[in-house]
Every structure is written in C-alpha cells, then in structure tokens.
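No value in this document is a laboratory result; all are computed from the given coordinates. Note that the structure is a prediction, hence the values are computed from the model and not measured. Every residue, glycine among them, receives a Cβ derived from its backbone with ideal geometry; neighbour counts consider all protein chains shown.
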Amino acid sequence: MDEHRGVGEVTHLLFADDTLTFCDASADQVVNILVVLVCFQSITGLKINLDKSTMFTVGDIPEPDYFATILGCKWSNDPSKYLGLPLGDRPNAAAIWNPAVDKYQRRLQGWMNRHLSLGARLTLDCSTLNSLPFYHFSLLKAP
C-alpha cells in the first residue's frame with residue numbers, strides 16, 4: 001500500500017521467463033494487470049499462455065475465483081514454491097526453513113556414508129554450509 005495516497009500499488013518480480021505480479025485484492029488492479037498483459041502481447045507479438053498461469057492468494061481473499069476469471073487463469077490456494085522458496089504470508093516462520101535444513105541434512109548424510117577422508121568431508125561440509133543458505137538469506141529473514 002502507498003501510505004501517502006491510500007491506494008495500492010502493483011509491483012512485479014522477473015526471473016528468466018517467469019513474471020510474478022503482486023497487487024491488492026481489487027478488481028481494478030487485476031484489470032490493470034490484464035491490460036498490461038494485453039498491451040505486452042500487442043507490442044511484442046508474444047502470446048501469454050494463461051492456461052499455464054496460476055493466481056495465488058495470500059491471506060483471506062474474498063471471491064478469488066472472480067479475480068482468476070478476470071485474468072482468465074486458474075486459481076490455487078495451495079502452498080506454492082517459486083525458485084525453491086515458499087510463497088505465502090508468513091515469511092519469518094521457522095517452518096519455511098525446514099526444506100532448507102532437510103536439504104543440508106540430505107547432502108551431509110550422503111557424504112557421511114562415503115569413504116572420504118576427514119579433510120575431504122570437512123571441505124564438502126564447509127562448502128555446503130557456506131553456499132546453500134545464501135539464497136535463502138538473500139530473500140528471507142531467519143527467525
């Protein structure tokens with residue numbers, strides 16, 4: 001929300017060929033997103049496949065099917081992941097870090113069963129523990 005004007009603001013996140021668009025639960029904002037998508041198609045000649053597109057809601061949204069119908073895509077309230085990180089309304093929850101901890105444990109467990117020297121295991125452990133959390137820490141605040 002823009003605190004100064006009292007109106008919501010549409011924002012986005014781009015990665016490779018994916019686009020995440022964030023807005024308030026307002027029909028006006030959803031229509032604006034649709035207008036931008038139609039303009040994009042007209043200008044570039046590229047077609048947006050709305051059959052592959054999904055609208056996710058965060059929190060309790062009245063009539064999410066209505067907003068998905070405006071966009072012409074499907075709606076899901078299931079917990080979802082984007083680039084390996086969960087999407088949702090509780091980014092500081094400890095449970096968000098469980099998949100990362102499980103991943104570290106699986107990697108370390110696989111190396112423990114190998115016949116590696118102590119130095120080799122230590123090198124693998126340090127490289128894993130130093131590199132894997134950077135992605136999570138860059139986007140999420142640890143509890």
key: For the stretch 58-71, 3J(HN,Hα) per residue [Karplus equation, 6.51 cos²θ - 1.76 cosθ + 1.60, θ = phi - 60°, Hz, x = Gly/Pro]   = 10, x, 8, 10, x, 6, x, 4, 4, 5, 5, 5, 4, 6
query = Label points 7 Å out from Cα along the Cβ direction at E63 and C39: separation in nm?
reply = 2.6 nm
ask   = In what sequence, highest mean first, do 37-47, 61-71 appear when ranked by Cβ atoms within 10 angstrom?
value = 61-71, 37-47
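Counting Lys +1, Arg +1, Asp -1, Glu -1, what net charge surrounds T128 among other residues with beta carbon under 11 Å of its beta carbon?
Working: positive: K103, R106, R107, R121; negative: D125.
Combined, the nearby Lys, Arg, Asp and Glu give +3.
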ask   = Length gain on complete extension for the stretch T123 to V31, per 0.36 nm per residue less the alpha carbon to alpha carbon distance?
value = 27.8 nm
remark   = To the nearest 0.05, the calculated FRET efficiency linking Y104 and Y82 through their beta-carbon distance, R0 being 25 Å, is 0.75
key: Proximal lysines relative to K103, as straight alpha-carbon distance under 22 Å, when same-chain residues fewer than 8 apart are discounted   = K81, K141
